[in-house]
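Only one structure is covered here, and it is reproduced in the block below.
The values are calculated or read from the model by the stated rules, or taken from the named source; none is laboratory data. Please read these numbers as outputs of a predicted model, since none were measured by experiment. Positions of Cβ are generated from backbone atoms using ideal geometry, with glycine treated the same way; all protein chains shown enter the neighbour counts. Areas reflect the complete protein model, heavy atoms only, side chains present, ligands, DNA and RNA absent. Shrake-Rupley method; radii C 1.70, N 1.55, O 1.52, S 1.80 Å.
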Amino acid sequence: MLDIFGTMNISASGMTAQRMRLDVIADNIANAETTRTDEGGPYRRKNVVFQEVLNKAMGIRGGFTNTLSTDQLGGVHVDSIVEDQRPFKLVYDPSHPDANEEGYVQMPNVNVLREMIDLINAQRSYEANVSSINATKAFASAALGIGKG
Amino acid sequence: MSNGIDPINSLTSLDPIKRLERIQNTQASQVKKGEAEPDFQKILNDALKSVNVQQKDAIQAEDDFAAGKISNIHDVIIRAEKAAMSLTMTMEVRNKIVDAYKEIMRMQL
């Protein structure tokens, strides 16, 4: 079993991951109208990929090789940031300097509404991790209160 | 603390001879164990050191955050929380030790 700080570290990793997700969502919202990038073409929506962290080095305590010990649990980390490969939106705006011959501009494949929902999701997940840290602390405090009743 | 006074056993062994036997056994095992066990002072010192490390880590995190080296606020708070938790734990243990000491000092001889 992990010590109480190990449990807190798991929650901290979740919070860090959600923070990185917030960075990516903020970038998506900020670039929702961006038509120029270093690679050429409009901005592509970015997405985070989370991966579970397992400490394989920790010994397996169970009797079966496929059982996990909680010692191995390490939380989550952001594996990579990937680009959304969905097509760009075409907007008719002949006055735009990046418009093509027919007057259409390629706009980023960012849906601001979708980003807002992801934002709320990230916020709630972050808060959930805070709750789990508070619960961890409550466990410890309760244990320290043994015999005081 | 296997050689502490077991309340259940002391209740069941009302036979005085058995009781005496048990006390002698306990004393004998204490003498034997005393040599191999690390002394109380060392255990206390090590525990206090680890608490101190937590405190220092929390202060370091605050400094780093003020200097702009840490971008995650929660890291700072969590480290401070860990330090506070270990200090609370230390205080609880300390209170227990002081209570035990007072209890013994109050004993009528």
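General observations
- Residues in the stretch A:4-17 that are under 19 Å from B:VAL51 (Cβ atoms) and among the polar types (S, T, N, Q) were compared, and the one that is farthest from the other protein chains (Cβ to nearest Cβ) is A:THR7.
- Check on A:ALA99, among the small types (Gly, Ala, Ser), closer than 22 Å to A:ARG21 by Cα and more than 13 Å from chain B (Cβ to nearest Cβ): no
Table: residues versus (1) without any contact (Cβ under 8 Å) to a residue 40 or more places away in the chain; (2) more than 30 Å from B:VAL51 (Cα to Cα).
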{"residue": "A:LEU2", "(1), (2)": "no, no"}
{"residue": "A:THR34", "(1), (2)": "no, yes"}
{"residue": "A:TYR43", "(1), (2)": "no, yes"}
{"residue": "A:VAL49", "(1), (2)": "yes, yes"}
{"residue": "A:LYS56", "(1), (2)": "yes, no"}
{"residue": "A:LYS89", "(1), (2)": "yes, yes"}
{"residue": "A:TYR92", "(1), (2)": "yes, yes"}
{"residue": "A:MET107", "(1), (2)": "no, yes"}
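- Being at pLDDT 85 or above, more than 11 Å from chain A (Cβ to nearest Cβ) and under 25 Å from A:ALA143 (Cβ atoms) holds for only one residue in B:ILE97, B:ILE5, B:ILE77, and it is B:ILE97.
- If only residues of the stretch B:40-77 that are in contact (Cβ under 8 Å) with a residue 24 or more places away in the chain, of a type outside the set (A, V, I, L, M, F, W, C) and under 30 Å from A:GLN18 (Cα atoms) are counted, the one that is least open to solvent (accessible area, probe 1.4 Å) is B:GLN54.
So that you can scan it fast, the table gives a plain yes or no per residue for (1) outside any strand (DSSP E or B); (2) modelled with pLDDT of 95 or more; (3) open to solvent by 80 Å² or more (accessible area, probe 1.4 Å):
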{"residue": "A:LEU2", "(1), (2), (3)": "yes, no, no"}
{"residue": "A:THR7", "(1), (2), (3)": "yes, no, no"}
{"residue": "A:VAL24", "(1), (2), (3)": "yes, yes, no"}
{"residue": "A:THR34", "(1), (2), (3)": "yes, no, no"}
{"residue": "A:THR37", "(1), (2), (3)": "yes, no, no"}
{"residue": "A:PRO42", "(1), (2), (3)": "yes, no, no"}
{"residue": "A:ALA57", "(1), (2), (3)": "yes, no, yes"}
{"residue": "A:ILE60", "(1), (2), (3)": "yes, no, yes"}
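- Cβ separations smaller than 7 Å between residues 6+ apart or across chains give the following pairs from the stretch A:113-135 residues that are within 14 Å of chain B (Cβ to nearest Cβ) to residues that are open to solvent by 50 Å² or more (accessible area, probe 1.4 Å): A:ALA122/A:LEU22.
- Within the stretch A:12-24, residues that are in contact (Cβ under 8 Å) with a residue 12 or more places away in the chain sit with their Cβ atoms under 9 Å from residues that are surrounded by fewer than 22 Cβ atoms within 10 Å (Cβ to Cβ) and of a type in the set (Lys, Arg), at 6+ positions apart or across chains, in these pairs: A:VAL24/A:LYS46.
- Any hit, the stretch B:58-66, residues being more than 14 Å from chain A (Cβ to nearest Cβ) and either among the small types (Gly, Ala, Ser) or not in a helix (DSSP H, G or I) (or both): yes
Yes/no per residue for (1) open to solvent by less than 90 Å² (accessible area, probe 1.4 Å); (2) within 30 Å of A:SER11 (Cβ to Cβ); (3) among the aliphatic types (A, V, I, L, M):
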position: A:ASN100; (1), (2), (3): yes, no, no
position: A:MET107; (1), (2), (3): yes, no, yes
position: A:GLN123; (1), (2), (3): no, yes, no
position: A:ASN129; (1), (2), (3): yes, yes, no
position: A:SER132; (1), (2), (3): yes, yes, no
position: A:ALA142; (1), (2), (3): yes, yes, yes
position: A:GLY149; (1), (2), (3): no, yes, no
